[in-house]
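Enquirer: What follows is a single structure, and I will ask about it in a moment.
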Amino acid sequence: MCPKIYSMAEWEKKKESYPWLTSNALGHLLCKVCMSVSNLKSKQSHASNDEWTKKGISWSGSDIGKQKSSLRRKIFDHKSTASHVNAQKILEEAKKDQLPEAFLSQYHKDVETTTRLLRTAYSVAKHNRPYVSYGECIELQEANGVHLGTCQHSRFAATGMIECVSAEMRRKLCHEIVERKQKISVMLDESTTVSRKSCMVVYLRTPWPMDEKCDECFSFPLGLVELESLKADHIVSSLLELLKKNGFDNSYLEQNLIGACSDGASVMLGKNSGALTQLQNMFPKIVLWHCMCHRIELAIGDAVKSVGQVNHVKSFLDKLYSVFSQSPKAQRELEESASQVHSELLRIGRVLDVRWAASSYRSLCAVWKSYPALYHHCMYSDSSKQSKHKSTYTGMANVLKSPQFVHSLAVLLDALESISKLSLALQSETCSLGEAYSKVKRAIRCLELQKEGELGEYYKEYEDCEGSFKGVELSDGRNQYLNKSAFLQALIDNLNARLHNNVGIDNKEFQDLLQEADVLDHKKWPSGITSPWIEGERKLKTLCKRFSLDFSTLSDEFQDFVDSPSIVPASMKMVKGIIQTLPVSSADYERGFSSMNAICTDLRNSLTVEHINSLMFISLVGPPVKQFKPEPYVKAWLKSHRSAEFFKNKKAETDKQQERYHPLWEVL
């Protein structure tokens, strides 16, 4: 508030001359420097003037001239007071982000002890242990003779230390990316925690290591954000707020945000108002991408819907899963049956559901390899002889011994084997868009060969059986044979349709991007080219324009690259790394959700989203405990927290719940 004896212009001029001047609601003068130091938690003592920090400086005099003169004299005198000068020194030291040397020497023992505690808290987070394990680890170390001080032994201290380490690690990483002006892509999706909280996980993908010789990328969790609403507008605002919080403002994103990836949910990739569509409207240069692994799953689902015979196999396999996954007795009897017929027994899971292709393939393999044990169990186990289960087990045995079921299983396994390998390849961090496109086309060709008569491994084994499969006599069942040709054709058609159905980038633009990227791979060049390669330079120039790069700094090295393809210049590796930054699949944030579920279990459902965020980052990104260097994080912790040797704190009390066993301990 402007003091009433000054005009607004006079007050602004006065603040320019004395930047530390401010005023309270009454218009009395205050000193921002002295106020900041009085609020700063510092080990150093500082005697501040209450008038300049709390009450405010007023004027005196009978007229305006004398009142201004009195304030002018008080401002001038305060500028040179010892308290103001000391306050400025303290703020300068705080800005340097360094603890005073005197403090470090005086509290060397505190730092050493606190380092042990912080490393213990880090180990708890790294191994997904509950916070109460922190106190248990301290008790164990003290029993082994390790001195850990008298303070910061509670689970609340562990929570604070983990939050401090996680925030500092994320800050360092993001600061390094911003300083080097790295290109970035974001991957995001929403999910629900065990405690029924809607949240969004955001991953950042960038070239690494951060130098010009880099042509590889890595992804890390930028943050887990609690969502108050699942509308696209709120998701976009939460994403931008998270990016800004970590140093990525709009000006940085305009130049360096090049891609965004998510699953096919309409709230994310809706054509008109999806969250990423809105993001692309704000930053037109980014490439939106629908996760390839999700697209493959959608193609498989569409093929299953179009070929009705597959549903019979799926429903039967779901029945097997429900019988043997929910009953420990059935599982135990199945293991006994496997040992009796000398058969390998694998875990049976769900097939052709929301999980990716590799999971369905493993479940089908489990049924194929466990086939003799499954049939023997359905026919001869104790459960199959009980009246209430007899019809169920008899029905499953009849399906298992039918050649129609074995035939359908073989067809599905051969088809899913190729797609499973494709899905796993697309989940790799080193897979680029061009490689992903080539791998999908290769998988489609493999399916076309199977349709034309090329027999897969499983179908060959089925054809070799003559009335008996793995020791089980086959007899016709009621279901029809799966139309192999129709199923494979449906799979091929849907994979082709999903491959060319790109969200946020039309097929022509996608093909242009692939052709532009090919100029960086000398294996895909036309034969006999020499520099200057005009067509290659044109594509590279378009690529540079797409990703906001300076073509003039790359043209000479590109000509050298054309003349000597075996020697890849650093700048070409850099451009290749930028293309690698475009995410192919959402495997990274799916792993993040798996980590979240491992952290926030039924027994830990009271964890807040902020705590889960810190634990996830350390668990996924933090170095192993042996390689963790806690010293800089101890330094950050001690700026605003007490050390482990703080003498006024009482030692943490032991659990009194077991005191009733105290009389037995002497004997034990």
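Enquirer: Go through the stretch 227-272 and tell me which helices (runs of 4 or more DSSP H), entirely inside it, have 1 or more residues that are over 26 Å from residue 183 (Cβ atoms) and out of contact with any Phe, Trp or Tyr (no Cβ under 7 Å at 6 or more places or on another chain).
Expert: Numbers: elements: 232-245, 250-256, 266-269.
By residue number, 232-245, 266-269.
Enquirer: Residue check, residue 302 against (1) farther than 23 Å from residue 440 by Cα; (2) of a type in the set (Asp, Glu); (3) open to solvent by 40 Å² or more (accessible area, probe 1.4 Å), all met but one. Which one?
Expert: Against the list (1) farther than 23 Å from residue 440 by Cα; (2) of a type in the set (Asp, Glu); (3) open to solvent by 40 Å² or more (accessible area, probe 1.4 Å), residue 302 comes up short only on (1).
Enquirer: Among the residues of the stretch 159-174, is there at least one that is at pLDDT below 85, part of a helix (DSSP H, G or I) and surrounded by fewer than 17 Cβ atoms within 10 Å (Cβ to Cβ)?
Expert: So in the stretch 159-174, the residues at pLDDT below 85 come out as none.
Looking through the stretch 159-174, none of the residues is at pLDDT below 85, part of a helix (DSSP H, G or I) and surrounded by fewer than 17 Cβ atoms within 10 Å (Cβ to Cβ).
Enquirer: Sticking with this one: When you go through (1) open to solvent by 10 Å² or more (accessible area, probe 1.4 Å); (2) assigned to a strand (DSSP E or B); (3) under 18 Å from residue 178 (Cβ atoms) one by one for residue 224, which number turns out not to apply?
Expert: (3)
Enquirer: May I pose another question? In the stretch 516-537, what residues are in a loop (DSSP other than H, G, I, E, B), more than 34 Å from the chain's Cα centre (by Cα) and closer than 21 Å to residue 549 by Cα?
Expert: Kept after step one, since they are in a loop (DSSP other than H, G, I, E, B), are these residues of the stretch 516-537: 519-521, 525-533.
The next check asks that each one be more than 34 Å from the chain's Cα centre (by Cα); those that pass are 525-533.
The answer is 532, 533.
Enquirer: Identify, from the list 564, 594, the residue that is within 26 Å of the chain's Cα centre (by Cα), open to solvent by less than 80 Å² (accessible area, probe 1.4 Å) and without any contact (Cβ under 8 Å) to a residue 24 or more places away in the chain.
Expert: On the way: 564 fails: within 26 Å of the chain's Cα centre (by Cα).
The match here is 594.
Enquirer: Return the pairs, sorted by first residue and then second, in which the second residue is open to solvent by 50 Å² or more (accessible area, probe 1.4 Å) and assigned to a helix (DSSP H, G or I), the first residue lies in the stretch 507-522 and is modelled with pLDDT of 85 or more, the beta carbons are less than 6 Å apart, and the residues are 6+ apart or on different chains.
Expert: Final answer for the pair search is 516/542; 518/524; 520/576.
Enquirer: So residue 418 ticks every box in (1) out of contact with any Asp or Glu (no Cβ under 6 Å at 6 or more places or on another chain); (2) in contact (Cβ under 8 Å) with a residue 40 or more places away in the chain but one. Which box is left unticked?
Expert: (2)
Enquirer: Please go through the stretch 126-158 and pick out each residue that is out of contact with any helix residue (DSSP H, G or I) (no Cβ under 6 Å at 6 or more places or on another chain), of a type outside the set (Ser, Thr, Tyr), more than 19 Å from residue 625 (Cβ to Cβ) and not in a helix (DSSP H, G or I).
Expert: 145, 147, 151
Enquirer: Still on this structure: Would a scan of the stretch 432-449 turn up a residue that is among the small types (Gly, Ala, Ser) and assigned to a loop (DSSP other than H, G, I, E, B)?
Expert: Here is the first cut: in the stretch 432-449, the residues among the small types (Gly, Ala, Ser) are 432, 434, 436, 438, 443.
Adding the requirement that they be assigned to a loop (DSSP other than H, G, I, E, B) leaves 432.
The answer is yes, given that some residue of the stretch 432-449 is among the small types (Gly, Ala, Ser) and assigned to a loop (DSSP other than H, G, I, E, B).
Enquirer: If residue 204 satisfies every condition in (1) touching a residue at least 40 places away in the same chain (Cβ under 8 Å); (2) touching a strand residue (DSSP E or B) at 6+ places or on another chain (Cβ under 8 Å); (3) buried (at least 23 other Cβ atoms within 10 Å of the Cβ) but one, which is the exception?
Expert: Here residue 204 meets the rest and fails (1).
Enquirer: In the stretch 531-549, what residues are touching a helix residue (DSSP H, G or I) at 6+ places or on another chain (Cβ under 7 Å) and either surrounded by fewer than 16 Cβ atoms within 10 Å (Cβ to Cβ) or not aliphatic (A, V, I, L, M) (or both)?
Expert: Within the stretch 531-549, 531, 532, 533, 536, 537, 539, 541, 542, 544, 547, 548 meet the criteria.
Enquirer: Please state which of the following conditions residue 482 fails to meet, knowing it meets all the rest: (1) in contact with a His (Cβ under 7 Å, 6 or more places away or on another chain); (2) more than 30 Å from residue 405 (Cβ to Cβ); (3) among the hydrophobic types (A, V, I, L, M, F, W, C).
Expert: (2)
Enquirer: Tell me, please, whether a residue that is more than 23 Å from residue 408 (Cβ to Cβ) and of a type outside the set (S, T, N, Q) can be found in the stretch 442-465. Explain how you work it out, then say what you get.
Expert: As a first pass, look at the stretch 442-465 and keep what is more than 23 Å from residue 408 (Cβ to Cβ): 442, 445.
Keeping just the survivors that are of a type outside the set (S, T, N, Q) gives 442, 445.
Yes; the residues of the stretch 442-465 include at least one that is more than 23 Å from residue 408 (Cβ to Cβ) and of a type outside the set (S, T, N, Q).
Enquirer: To continue, here is another question. Hey, does the stretch 248-263 have a residue that's hydrophobic (A, V, I, L, M, F, W, C) and more than 27 Å from residue 167 (Cβ to Cβ)?
Expert: First pass over the stretch 248-263, keeping only residues hydrophobic (A, V, I, L, M, F, W, C): 248, 253, 257-258, 260-261.
Next cut, more than 27 Å from residue 167 (Cβ to Cβ) only: none.
There is no residue in the stretch 248-263 that is hydrophobic (A, V, I, L, M, F, W, C) and more than 27 Å from residue 167 (Cβ to Cβ).
The values are calculated or read from the model by the stated rules, or taken from the named source; none is laboratory data. Here the structure is a predicted model, which means the values were calculated and not measured. Every residue, glycine as well, gets a Cβ built from its backbone with ideal geometry; the counts of neighbours run over all protein chains shown. Accessible surface is based on the protein model in full, side chains and every heavy atom, while ligands, DNA and RNA are left aside. Shrake-Rupley method; radii C 1.70, N 1.55, O 1.52, S 1.80 Å.
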